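Only one structure is covered here, and it is reproduced in the block below.
Every number in this text was worked out from the coordinates using simple rules, so none of it is lab data. None of the values given here were measured: they were computed from a predicted structure. All Cβ positions, even for glycine, are placed from backbone atoms using ideal geometry, and neighbour counts span all protein chains on display.
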Amino acid sequence: MKIVKYSVKILAIVLFVSLLWLNTPRALASEPVGIQVTPLRAYPAQSPGATTKGSLTLTNYTTSPQYIALSVESFKTVNEAYDYSFGSDEATKWVQFSEPFTTLAPKQSKVAEYTIAVPASAAPGGKYLSLVSTISPTAGTQGVTEIHRVASLVYLQVNGALTKQGSLLSFDLPKFSTRQTATAQVRVANSGNTHFESRVGFTMQRWLLGSPTNDNFQVAGLILPSTVRQLTTELHTPSLPGLYRVTADYSPPQGGTTKLSHLVLYIPIWFMIILLVALGTLTVLIIRLWRTHRKR
């Protein structure tokens, strides 16, 4: 009877704590700090000789007024991880802001309009621009002047004789895994003159036996012309241990299909423990049988 009363008390305490937790107001998501620029990316397509309009929305989430200068830079990738470098080229002259300078009060938003005028002589292909919002310099710690910049990237496609040529260069996967996830890496090249979105799908099946799993794994990324991009994703292996064939399937924009395969041996920790216990038990039984046989 005492045990029953004690259990009832514990249950009542658990219910009280649960109700208290459910009724406790959650902390609201913290508001952004600094200057926010939207959209972060734009993908206009424009014919040579044409002029189009665009806009940015600038919002001041600081507690003081901010003076902002708007400028244009070109950008490119410097490695297969797609780190960016910024500079200047002929295409940066195509963009003009209606108001290159503006001031934002705290919590205030403004729309900054701009035009893109592509010359009639412009060659077709991709041009990559960064619309930079530079906040007025502030004095940081130890007397260092801090300059804060926020960028909106423009992936401009100049229409004309466009070439989209992609290829799957490689597919890497660990040969052995004890975890139920495996890191897959693919390298996709763009030998054309404009950007395109690439998607690589993955299928997994037990080697020699079994049909492909129903899991839909894929990785996607935008590939700039004359670059190679490394795309990484996590694949979930089946729950049962075994040797599996993983195939990367890529359909380039010019058509066709490329398939690359890898074998991965999946042996989870729990299976290794069971296997070691079984081997240890079998070894003990063999030793006992051998000793019994020797005595006889």
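Observations, loosely collected:
- One quarter of the surface of the convex hull around the alpha-carbon atoms of the stretch 35-158 equals 8.7 nm², the direction-averaged projected area.
- Taking a ≥ b ≥ c as the square roots of the eigenvalues of the alpha carbon gyration tensor, the stretch 135-294 is oblate, as a/c is not under 1.5 and a/b does not beat b/c.
- Site pair S167 and R199 shows an inter-label distance of 2.4 nm when each label is modelled 7 Å from Cα along Cα→Cβ.
- Calculated FRET efficiency for the pair W270/R41, C-beta based, R₀ 41 Å, to 0.05: 0.40
- Spatial offset of the stretch 226-296 relative to the stretch 181-211 amounts to 20 Å, using the alpha carbon center of each.
- Nearest-20 debye value, the stretch 35-158 charge dipole, Cβ charges on Lys, Arg, Asp, Glu: 280 debye
- For K295, K107, order by how many other beta-carbon atoms lie within 10 Å, fewest first: K295, K107
- Projecting label points 7 angstrom from Cα along Cα→Cβ for T281 and K107 puts them 6.9 nm apart.
- Plainly put, the stretch 48-94 has a radius of gyration that is 1.08 times its Kirkwood radius, both from alpha-carbon atoms, as the Rg/Rh ratio.
- Here each label is just a point 7 Å from Cα along the line to Cβ, and for A81 and L240 those points are 4.0 nm apart.
- The calculated FRET efficiency for the pair T59 and A120, based on their C-beta separation and a Förster distance of 45 Å, comes to about 0.75.
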